1. I need the full set of residues from region 420-443 which are modelled with pLDDT under 95, acidic (Asp, Glu) and open to solvent by less than 10 Å² (accessible area, probe 1.4 Å), in order please.
2. Given the criterion over 26 Å from Pro69 (Cα atoms), away from the ligand (no atom under 16 Å from the Cβ) and buried (at least 16 other Cβ atoms within 10 Å of the Cβ), identify the matching residue among Leu535, Leu478.
3. Please go through region 650-674 and give me each residue that is within 16 Å of the ligand (Cβ to nearest atom) and either without any contact (Cβ under 8 Å) to a residue 60 or more places away in the chain or part of a strand (DSSP E or B) (or both), ordered by number.
4. Scan region 430-455 and report the pairs whose first residue is not assigned by TED's automatic domain parsing to the domain that holds Thr418 and outside any helix (DSSP H, G or I) and whose second residue is within 13 Å of the ligand (Cβ to nearest atom) and open to solvent by less than 10 Å² (accessible area, probe 1.4 Å), with Cβ atoms within less than 9 Å and a gap of 6+ or a chain change.
5. Here are the criteria: (1) within 27 Å of Leu535 (Cβ to Cβ); (2) modelled with pLDDT under 95. Tell me which single one Leu459 does not satisfy.
6. Given the residues Leu280, Leu294, Leu312, which is the only one that is open to solvent by 10 Å² or more (accessible area, probe 1.4 Å) and more than 30 Å from Leu176 (Cα to Cα)?
7. Name the residue that is nearest to the ligand (Cβ to nearest atom), counting only residues in region 330-362 that are hydrophobic (A, V, I, L, M, F, W, C) and part of a helix (DSSP H, G or I).
Amino acid sequence: MCAAALRLTYDRPATDWESESLPIGNGFEGASVFGGIDRETLVLSEKTLWTGGPGGSESYRHGTWSTSPLPVLGALRDELTRTPVLEPADVAARLGEPKAGYGASQVFARVDLVTGHDPRRVTDYRRGLDLRSALADVSYRLDDTGFRREVFASNPARVIAARFTTDRKAGMHLRLAVSTADNRTKRLSVDDTGITLTGALHDNGMRYKLALRVQTIGGTTTPHADALTVTAAEEIVLVLAFGTDYALTFPTFRGELDDTDSRVHAALAAGYDQLRQQHLGDYRSLFDRFDLELEAADRADRPAARTTDWALAHYQPGDIELETLAVQYGRYLLISSSRPGALPAHLQGLWNSSTNPPWSCDYHVNINLQMNYWPARATGLAETEQPYHDFTHFLATTTGPLVARQLGAAGWAVLLATTPFGYAGVIEYATSFWFVEAAAWMAHDVAEAVRSTGDEQLLTDIARPVIAGAAAFWLDFLVADPDGSLVVSPSYSPEHGGFTAGAAMSQQIVRAVLTDAVELLDPSDDLVGRARAALDRLDPGLRIGGWGQLQEWKLDLDDPLDHHRHVSQLFALYPGDALDATGVPDELRARLHAAVAVSLDARGDDGPGWCQAWRAALRARLGDAEAAHRAVGRLVGDNLLPNLWGNHPPFQIDANFGLTAAVVEMLVRSHERWCGRDGQATVRLLPALPSAWPSGHVRGIRTRCGDVVDLTWRDGQVAAVDVTADHPHRLTLSGAGLPATTADVAPTRPFTWSAVR
Ligand code: FUC
């Protein structure tokens, strides 16, 4: 068995931010570490520094329409009863509006730490990122002297800390400088303890502040106009804190300027060793909840000391070291980019080096934000999901209702994409702007978290309000199709096709949230009865078409030669569960599964990183292990950058998170016949185990019911399994090599089975 090293390692410094720098983060702030020899560069990122929003250069309406969309909406609905497919460009021209004040995530700053070391005199260079400790490190020898540095982002202290050490007394010099982009005012002050940078964005006046403080053992610290130099030191410690005056408060989105000074002072007072210990304790308490060890089928002769970029360049599916590393990297990135109290992870997690990043580093809510959180609970990281739920609640109670009201409905809605200012989504991109189901999908994700954790506070504080709002919207907004069924109209299958009534994904998502309303709202809430009645009439969005495919639209419009990246009609299989839910007869389920396979086969293998992750998870749910592993292989082989960031291209982090989630689906399945925590949990072990992973061990997969599974398998058969329950319930377990088992489990009564007695 391979005890996974879980380290990204390189023998050269990074020169390119996107593909080579190594990310660290505390959920709020982060840095990309370059590991240069003559200069270390840290590109600093933080999730709140955005242009746009209130106070921005463009007049801001919170992403709502400037004039009522209702007349156009009525006309479109009417037209759709006569002309079943409308052109996206026409609809967008009538129903869309140019983005106003959308803004973009802004790089925070850059720290340059100049050592003056001549790279030509350097040997034994190594830099890396250790996923078990969340420490980035660099080491090399300059002539006969060793130099080492370590950088990490502490969540408990909310700082970034670095330590430069050398084995030669008084051997270190460092010039420290901080710079930032030109689209803001800047005031730099330097004294012999450090550097402070403050200013405000020209665009919206958002204030920012960065405090960098230095502590040395030995040496002299000298301030200059734009830099600080340290000479002849034995050890140099840097502590950095930075933030803005952004606040998640509607409608101003401003509060106090971040108190960077007190964090930096507290961190320095604690001292580096204690800061590091505290960081390790905090990080490991999350990361260590899950482990994966795979044994390779091919036993390929791979060099022992290979670097990560070498391994990636020579990757062959079944390279278990790299595959395991990629799975755990998704968890590392989630812990690093999403912690309670912060904004959710955006399209690049929290890392951004630009003033104009791809898609603004926003929150696309037609799959990307949702995918970011697919691995959270299943791999023991429920806490990381909290920012997503909090943000959902914020939208549901601030800007979401504005859009819903404009659409003539109660509750809340958002369209394709949103921002830290809760942009409600009105834009004009013909091929994507209309995704009015986003709120329901986000609300459904909170419902799923409640079902799987039994968290009463989450239920009352967040789930009920967001589900009630999303359901109320749909109860008003659904229309009756000529056949009498209730449908979404107009409806647009994400980024694909024409406008119709009742696209499959629209119907499936609305069904999911109305079901959530029935199951999770207070039974006395009148929405429950209304939701139940609507469900009886709702078109389910599940149809098998003329060539055996699962239809993407209510009409049989699918083209077998179409290779579009989105496979939205398959929502009901993953991340949804309608195809495998209690009540779906086996024969129908088998036919629907076969239709999904036909659709997936037809769509082909092309697509960006996130799309490979989705395909891998879908194939896993179909039980097609080899196809799932091929999709994992495409993702790792073709859609990871040398620093293992997911590549759309460009860098987009959902692929990292989706990959982790998909691999969990291959190893443990727990959504089938699922009817809540009090019902019977059905867990299938190794439902899609590829031949490339014949033996292995996984610890800490959390099932949908809240059970924690530790599983060992040999030659494709379950060898041992332990299930720890967090509440009493009945568990039915199956898996190759395991006798069919039903057991009553409880926190004090785990289930244990081993092939060896
Ligand atoms: C969705 C996808 C694109 C991209 C964008 C950020 O709209 O269709 O491929 O991932 O989000």
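The values are calculated or read from the model by the stated rules, or taken from the named source; none is laboratory data. Not measured: the values here are computed from a predicted model. In this analysis, Cβ positions are derived from the backbone assuming ideal geometry, glycine residues included, and neighbour counts consider all displayed protein chains. Note: areas computed on protein heavy atoms with side chains; ligands, DNA, RNA excluded. Shrake-Rupley method; radii C 1.70, N 1.55, O 1.52, S 1.80 Å.
1. none
2. From the options Leu535, Leu478, the qualifying one is Leu535.
3. Result: Phe651, Ala655.
4. Listed by first residue and then by second, the contacts come to nothing, as the list is empty.
5. Here Leu459 clears every test but (2).
6. Criteria check complete, one pass: Leu312.
7. The selected residue is Trp359.
Residue-by-condition table, conditions (1) away from the ligand (no atom under 16 Å from the Cβ); (2) assigned by TED's automatic domain parsing to the domain that holds Trp553; (3) in contact with a Leu (Cβ under 8 Å, 6 or more places away or on another chain):
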residue	(1), (2), (3)
Ala595	yes, yes, yes
Leu600	yes, yes, yes
Gln612	no, yes, yes
Arg615	no, yes, yes
Leu622	yes, yes, yes
Arg630	yes, yes, no
Arg634	no, yes, no
